[in-house]
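One structure is given here, and the rest of the page talks about it.
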Amino acid sequence: MKKKIVILISGRGSNMQAIVEANIPNAEICAIVSNDAQAEGIAWAKARGLATHGLDHKEFPSREAFDQALIKVIDFYRPDLVVLAGFMRILTTPFCLRYEGRMINIHPSLLPSFPGLYTHQKALDLGCKVAGATVHFVTPQLDHGPIIAQAVVPVLSGDTADDLGKRILAIEHQIFPKAVAGIIAGNIRLDDKRVCVINDAAPTDANSQLISF
Ligand code: GRF
């Protein structure tokens, strides 16, 4: 039986697109959920016949109420994996615990450096020579949690935050689908608080020195 995936987005949804277009074996993308019904990624998913849901957080009296409504939408699909692909809402502890071990996030920095926003500018301000992206299991602490995969890019002289962001986004699109595929295949799993990766899940492409599982 196929493993079910629900993907949460807030905007453009390019990581969601990378995952959908990867056609991951044995995976069914059940739904794309956004806290903004007008999100670019929602239009993209609808045009491809995927089930979509827009749940506007501003219509809920509290973060808790929004998360409860979100749980109802997600649980309808009984997903094996919940994927946060640019979902720009801070999630409550009960929400995070409900999907513990089966919810992953991508963050545009080499965690544990630079959790939160403005990661590219922070890396530039501190003179980092490399930057990157991290895929991790979600825990109640924002942008923490067991690390599944990281990818590194150089910081080039004269880079703006935008330049660096574009370079990192391109590599996000490589590692995120691979991480999802590894979990679906059972090659990546959470063992207590550490991520176990069966070797076959490690990438073998030309960039493999820069991508680590
Ligand atoms: C990505 O950089 C992701 O790492 C961060 O938000 C951005 C979302 O981009 N969490 P997109 O919507 O996937 O294009």
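Observations
- Scanning region 54-70 turns up no residue that is within 15 Å of the ligand (Cβ to nearest atom), part of a helix (DSSP H, G or I), touching a residue at least 12 places away in the same chain (Cβ under 8 Å) and not basic (Lys, Arg).
- Some residue of region 43-55 being within 16 Å of residue 180 (Cβ to Cβ), touching a Cys at 6+ places or on another chain (Cβ under 6 Å) and surrounded by 15 or more Cβ atoms within 10 Å (Cβ to Cβ): no
- The condition of being in contact with a strand residue (DSSP E or B) (Cβ under 7 Å, 6 or more places away or on another chain), closer than 16 Å to residue 132 by Cα and hydroxyl-bearing (Ser, Thr, Tyr) does not hold for residue 113.
- Among residues of region 1-21 that are over 22 Å from residue 57 (Cα atoms), those with a Cβ under 7 angstrom from a residue that is within 9 Å of the ligand (Cβ to nearest atom) and not small (Gly, Ala, Ser), sequence gap 6+ or separate chain, pair up as 18/173; 18/176; 19/176.
- Meets criteria (within 14 Å of the ligand (Cβ to nearest atom), closer than 18 Å to residue 142 by Cβ and of a type in the set (Val, Ile, Thr)) for residue 32: no
- Failed condition for residue 123, given (1) in a loop (DSSP other than H, G, I, E, B); (2) at pLDDT 95 or above; (3) farther than 21 Å from residue 82 by Cβ; (4) away from the ligand (no atom under 12 Å from the Cβ): (1)
- Taking the criterion of being away from the ligand (no atom under 16 Å from the Cβ), surrounded by 14 or more Cβ atoms within 10 Å (Cβ to Cβ) and hydrophobic (A, V, I, L, M, F, W, C), the residues of region 71-85 that qualify are 71, 73, 74, 81.
- Where residue 17 falls short, out of the listed (1) surrounded by 15 or more Cβ atoms within 10 Å (Cβ to Cβ); (2) away from the ligand (no atom under 13 Å from the Cβ): (2)
The values are calculated or read from the model by the stated rules, or taken from the named source; none is laboratory data. Being a predicted model, the structure only gives us computed values, none of them experimental. Quick reminder, even Gly has a Cβ in these numbers, built from the backbone with ideal geometry, and neighbours come from all protein chains shown.
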